[in-house]
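Step one of this worksheet: look at the structure below.
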């Protein structure tokens with residue numbers, strides 16, 4: 001029996017064709033990550049354990065299993081518990097035909113069942129409501145699906161649906177709430193969490209919790225009645241039945257392609273999964289008759305920020321040679337820089353013509369650069385938005401900023417990894433120590449400060465709010481410092497607060513979007529895409545960073561002087577992020593580590609690593625190993641910004657650039 005679970009139901013709602021590819025080893029799946037580590041990064045398991053404290057003395061339908069998952073056993077255990085007049089069950093199991101669900105928390109009172117779906121997601125009455133929209137719809141259909149299965153399996157029960165969520169209007173009543181849920185391997189509990197019972201005993205539930213119960217009966221009723229649909233052709237029950245049958249029969253559904261959704265399909269191959277099949281390509285072969293060469297032709301999936309997917313889907317156009325210029329949108333030239341449509345058309349023609357020369361708005365970039373003041377400062381932060389607060393009085397999902405890196409590019413071309421900060425000590429709230437260290441670093445000079453994306457700006461503004469609510473003796477000085485760098489947020493929470501920015505951070509990503517296009521990026525403006533593109537484009541950058549650190553007028557805090565940022569592997573320049581050492585590569589394989597992470601070379605991995613340092617009782621040696629890897633990763637992030645900066649300056653000196661504006 002192939003069971004349609006709630007996760008597979010969600011996959012089917014995204015696109016029924018995906019059901020044919022899911023859970024098959026022969027197909028690549030870009031979302032096929034470690035679910036435990038994903039939950040760790042989001043705080044999902046801690047939230048689930050806190051939610052259970054709202055319903056004490058519950059019975060856990062255990063998830064421990066052998067080589068094969070025993071669906072019937074879980075259902076039978078649940079049915080036995082449901083014979084009690086009143087009972088609370090964690091992970092209750094229900095089956096109807098080939099539908100199977102596990103309920104996070106089930107509360108039975110006579111014939112009344114309260115279905116409680118716990119999510120590591122926040123809401124805020126009056127600001128961020130739970131309602132049927134793109135943000136909430138899949139969560140709500142998940143709950144509706146669970147309710148449907150329970151009612152079909154037990155028609156005599158009345159089921160009332162709820163979401164249990166982090167409530168941003170609530171604050172923690174004690175310090176260290178997030179430290180009271182520890183990660184334990186193989187403890188027989190799906191969440192892998194062990195609670196500090198003695199410390200949690202001082203709390204009263206639900207009064208002292210940062211979670212709230214949200215009754216979603218009205219929305220679920222509209223889903224059941226067909227007023228809300230994800231698959232527009234099908235009523236709610238019909239959608240369940242057709243998806244269940246497709247999964248049971250293991251047949252390709254043949255659902256019409258929607259290019260906006262196809263763009264984000266996870267069943268694509270990449271360098272790490274090239275030996276597997278591509279479900280994405282199979283769909284196009286079956287429905288559009290594409291051959292191998294068709295996938296090599298430039299298409300709209302490459303175009304940055306393309307928005308007219310419905311038109312393309314309706315007309316069956318995807319290749320750039322098929323798309324007229326006016327189908328990109330109305331041309332509205334910007335006073336400064338390249339407009340969105342201009343940039344898209346530049347990309348279109350360079351892609352069609354296989355022109356890999358960069359496009360540069362030389363005049364605009366030159367004018368922009370005249371406003372930059374040396375020495376040039378490059379900063380990058382790593383922060384975690386934890387569901388459970390560190391301190392009393394804090395709200396859920398307040399940012400915890402645990403790291404920064406700071407490079408300085410001097411007027412004479414000398415590059416210094418001048419400052420860094422990291423705090424991975426468990427249970428320590430680092431934000432105020434972080435901002436003091438950043439203040440000391442940036443006050444060493446009065447040069448321009450660069451970020452890459454608005455992330456640093458928004459992070460500093462949240463730290464500002466935390467300082468305002470704090471009793472720190474130097475909070476006014478720290479707030480004043482933050483205001484020198486950041487633009488005021490537009491959030492309603494600030495009630496229109498404005499301030500004069502004396503040293504506004506320059507967003508290098510916005511500079512790239514406005515004045516520069518490199519065809520090797522394939523439309524991506526991520527620094528992880530721009531950096532490899534620059535290596536292919538710039539002989540200067542390639543030559544300079546192929547030399548040891550000691551030979552290029554540079555200092556580093558985390559890499560030896562003989563280290564080379566650019567290396568050749570199989571005749572190609574290796575991405576320096578992929579060249580970063582795996583932190584535990586030299587460790588004894590017999591040593592039982594608390595962390596499952598193998599490498600830290602992207603932001604997601606950094607968040608997971610930080611979570612591991614906080615919620616596992618790892619050794620000092622293991623924590624220090626993760627700390628060193630985080631320092632190397634963050635240093636590379638700010639050095640990458642330096643490389644982008646150098647390339648932009650270099651580009652202004654080149655006179656033979658195609659299509660200079």
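The values are calculated or read from the model by the stated rules, or taken from the named source; none is laboratory data. What you see is a predicted model; the values in this text were computed from it and never measured. Cβ sites come from the backbone with ideal geometry, for glycine too, and all protein chains shown count toward neighbours.
Looking at (1) buried (at least 17 other Cβ atoms within 10 Å of the Cβ); (2) within 25 Å of residue 518 (Cα to Cα), which is the only condition residue 297 fails?
Just one mismatch for residue 297, condition (1).
Can you name the residue in segment 426-448 that is at pLDDT 95 or above and in a loop (DSSP other than H, G, I, E, B) and, of all such residues, is surrounded by the fewest Cβ atoms within 10 Å (Cβ to Cβ)?
If we filter segment 426-448 for residues that are at pLDDT 95 or above, which is where we start, we get 430-448.
Filter once more, so that each one left must be in a loop (DSSP other than H, G, I, E, B): 430, 443-448.
On the way: 430: 19, 443: 10, 444: 13, 445: 16, 446: 13, 447: 18, 448: 19.
Looking at residues that are at pLDDT 95 or above and in a loop (DSSP other than H, G, I, E, B), I get 443.
For segment 503-546, please list each of the helices (runs of 4 or more DSSP H) lying entirely inside it that holds at least 2 residues being within 25 Å of the chain's Cα centre (by Cα) and over 18 Å from residue 306 (Cβ atoms).
Output list reads 508-515, 527-537.
Only one of these conditions is not met by residue 287: (1) out of contact with any strand residue (DSSP E or B) (no Cβ under 8 Å at 6 or more places or on another chain); (2) closer than 18 Å to residue 22 by Cβ. Which number is it?
For residue 287, the failing item is (2).
Check whether at least one residue in segment 250-259 is free of Cβ contacts under 8 Å to residues at least 24 places away in the same chain and either exposed (fewer than 14 other Cβ atoms within 10 Å of the Cβ) or under 28 Å from the mean Cα position of the chain (by Cα) (or both), and report yes or no.
No, segment 250-259 contains no residue that is free of Cβ contacts under 8 Å to residues at least 24 places away in the same chain and either exposed (fewer than 14 other Cβ atoms within 10 Å of the Cβ) or under 28 Å from the mean Cα position of the chain (by Cα) (or both).
Determine if segment 401-411 includes at least one residue that is in contact with a helix residue (DSSP H, G or I) (Cβ under 9 Å, 6 or more places away or on another chain) and either assigned to a loop (DSSP other than H, G, I, E, B) or modelled with pLDDT under 95 (or both).
There is no residue in segment 401-411 that is in contact with a helix residue (DSSP H, G or I) (Cβ under 9 Å, 6 or more places away or on another chain) and either assigned to a loop (DSSP other than H, G, I, E, B) or modelled with pLDDT under 95 (or both).
From 576, 560, which residue is crowded, with 16+ Cβ neighbours inside 10 Å, under 27 Å from residue 613 (Cα atoms) and touching a helix residue (DSSP H, G or I) at 6+ places or on another chain (Cβ under 8 Å)?
Working: 560 fails: crowded, with 16+ Cβ neighbours inside 10 Å.
Result of the check over 576, 560: 576.
Looking at this structure, is residue 383 assigned to a loop (DSSP other than H, G, I, E, B), buried (at least 21 other Cβ atoms within 10 Å of the Cβ) and either assigned by TED's automatic domain parsing to the domain that holds residue 649 or in contact (Cβ under 8 Å) with a residue 12 or more places away in the chain (or both)?
Taking the combined requirement at face value, the residue does not satisfy it.
Listed residues 559, 584; which is part of a loop (DSSP other than H, G, I, E, B) and within 28 Å of residue 413 (Cα to Cα)?
On inspection, the qualifying residue turns out to be 559.
Name the single residue, out of those in segment 132-144 being part of a loop (DSSP other than H, G, I, E, B) and out of contact with any helix residue (DSSP H, G or I) (no Cβ under 7 Å at 6 or more places or on another chain), that is surrounded by the fewest Cβ atoms within 10 Å (Cβ to Cβ).
134
Conditions (1) at pLDDT 95 or above; (2) not in a loop (DSSP other than H, G, I, E, B), marked per residue:
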residue: 155; (1), (2): yes, no
residue: 202; (1), (2): no, no
residue: 205; (1), (2): no, no
residue: 212; (1), (2): yes, yes
residue: 227; (1), (2): yes, no
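Looking only at segment 594-642, how many residues end up being more than 28 Å from residue 409 (Cα to Cα), touching a strand residue (DSSP E or B) at 6+ places or on another chain (Cβ under 6 Å) and crowded, with 23+ Cβ neighbours inside 10 Å?
Qualifying residue count for the region: 2.
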